[in-house]
Amino acid sequence: MPLTSHRRLVVNATLIAALAAGVAPATSASAAAPQAPAVPQTADTTPTPTPTPTPAPDMEGVVAALNAAMANGAPGAMARFSGPGGVQSRAVGVRDRVNGTPMDVRSRFRIGSVSKTFSTVVLLQLVQEGRLTLDSPVNTYLPGLLPDDRITVRHLLTHRSGLADYTDPMFANTVPGFESVRNRVFGYQELVDLSLALPRTTEPGVSYKYSNANFVVVGMLIEKLTGRPVADAYQRRIFKPLKLRDTSYVHPETRIAGRHVRGYLYPDAAGDPLVDSTEQTVSWAQSAGAVISSPADLNTFTKALMRGRLLSPAMMDAMTTVTPTDATGTRFYGLGLRRYDLSCGAQVYGHTGTVQGFYTYAFSTRDGRRSLSAMANSSNRGAVNTALGGTLEAAFCGKKPAAATASRADRDFSSLPAERDLPERH
Ligand code: HEL
C-alpha cells in the first residue's frame with residue numbers, strides 16, 4: 001500500500017523520535033495511522049488527492065538486477081513477479097554449472113530463512129486456536145528449556161529473546177563450517193544447547209538481535225503443542241491448503257527432489273573454487289531455514305498470507321506490527337516477517353533467506369496484490385545478495401526517470417548492504 005507523503009512524514013517522525021530516545025517503536029498499519037482529523041466546521045475546499053497509480057513493474061530493471069547478481073559472481077538468478085497485470089518471470093545464467101543447464105523459473109531451491117515466515121504462520125494459527133499465547137513465557141510450554149522465565153513466545157518471533165545465534169561460530173570459517181554440518185543431523189535440544197553455551201546477547205525484550213536459535217525454539221513449540229513433527233504442520237496448515245506442490249520440508253533428507261537449482265557456496269579465500277552445496281541436511285537450521293520452494297509457490301504463499309487466507313485479522317495485525325532492525329528507517333521486523341520500505345513509498349512484507357548456495361527474497365505488498373520472489377544460486381558473496389535485492393525496487397517501484405533512478409534508488413535501497421553484511425553480524 002503506497003504511503004501518502006503525509007503518512008510517510010508521520011511514520012518517519014515517529015521513527016526519528018523513537019530512535020533518538022533509544023527505543024524501538026512498534027508500527028502497524030493501524031498503529032502508524034495518523035489520528036482522524038476533527039470534523040471541519042467550514043466547507044473543506046481542499047481538492048481530493050488523486051490516488052497514486054500503482055507503478056507497473058520494470059521488468060528490464062528486474063533483469064538488470066539479476067544480471068548484476070551474476071556480474072558479482074552468481075552462476076544464475078531468477079525472479080517472478082505477480083500482480084494485477086499477470087505474471088512475469090525472468091531467468092539468467094545457469095542452474096547447474098557442470099552441465100550448463102539454463103536457470104529455469106519453475107525450479108525448486110532452498111529458501112533459507114524465508115522458512116521462518118512459514119514457521120510463524122503455523123505458530124500463530126496455534127495461538128488463534130488458543131493453544132498458547134504470545135506473551136507467555138516459553139518455559140510455560142517447554143518447562144525448564146530456557147534459563148530465563150522472562151523470555152516470551154513473542155520475544156522469539158521478534159528476535160528479542162537474547163538467545164545467541166550458534167550459527168555465527170559454526171560458520172565463522174565458511175567452507176569448513178559448512179562441511180562439518182553438511183550431513184549432520186541435530187536434535188532441536190542440541191541446537192538450543194549450542195546457543196545456551198554462548199553469552200546471551202540482550203535482556204529479554206530489550207533489543208532486536210537476529211538469531212536462528214529463536215526459530216529452533218519455535219519449531220520445538222510447534223512439535224510440543226501439536227504432538228507431531230513440524231513437517232506435518234507445514235503440510236497440513238500451509239502447503240496443502242495453498243496447493244504448494246513445489247514446497248517441502250524433508251529434513252534430514254539431503255537431496256532436492258524434482259527440477260531444482262544447484263547452489264554454489266563462495267569460499268572465504270578469493271580465487272578458491274566454488275563449493276557445490278546443493279545436497280545438505282540443513283539440520284543446523286530446521287524450522288529456522290530448511291524449507292524448499294519455488295518462485296511460483298513463494299508468490300502464492302506471500303500473497304495468500306497478506307490477503308488473510310492463513311491468519312485472522314488480529315494475528316495479521318500482530319505479525320505486521322514492526323520495529324526497526326537498523327537505523328536506515330527502511331527495514332523492520334514484525335513476527336517472523338520483514339518489512340522493507342522502498343524508495344517510492346511502497347511497503348513490502350516478506351522475508352529474505354541465505355542458506356549455503358542460495359540467496360532468496362520473497363515479498364508482497366500489504367494488500368497482496370503484488371508479489372515478487374527472487375533467487376540467486378550462490379552465497380557468502382554479499383554483493384550478489386545486495387544486487388539481487390535490486391529486483392524489489394524494480395518490481396514494486398517500477399520504471400523511474402533516469403535521473404531519479406540514479407539518485408533515489410541508489411541512495412535509498414540498492415546501496416544498502418544486506419543485513420548479513422552489516423557489521424553487527426560479523
Ligand atoms: S542469516 C540472514 C538471513 N538468514 C539467516 C539465516 C537466513 N541463514 C544463516 O544463518 C546462514 C548462515 C551461513 C551462511 C553462509 C553463506 O553465505 O552461505 N555464510 C557463511 O558461512 C559466512 N562465514 C539474516 C542473512 C536472512 O536474510 O534472514 O537465511
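Bear in mind these aren't lab numbers, they're just calculated from the coordinates by the rules spelled out. Quick caveat, the model's predicted, so the values are computed rather than measured. Note that we place each Cβ from the backbone using ideal geometry, even for glycine, and neighbour counts take in every protein chain shown.
Tabulated data
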{"quantity": "Mean Cβ neighbour count within 10 Å, used as a protection proxy, ranking 299-309, 349-359 highest first", "calculated": "349-359, 299-309"}
{"quantity": "Region 167-192 and region 251-265: distance between their alpha carbon centers, rounded to Å", "calculated": "18 Å"}
{"quantity": "Set LYS116/LYS399; LYS116/LYS303; LYS209/LYS240; LYS209/LYS399; LYS116/LYS240; LYS116/LYS209 screened for pairs whose C-alpha atoms are more than 24 Å apart", "calculated": "LYS116/LYS399; LYS209/LYS240; LYS209/LYS399"}
{"quantity": "Whether region 328-406 is rounded, prolate or oblate, judged on the alpha carbon gyration tensor where a/c under 1.5 counts as rounded", "calculated": "oblate"}
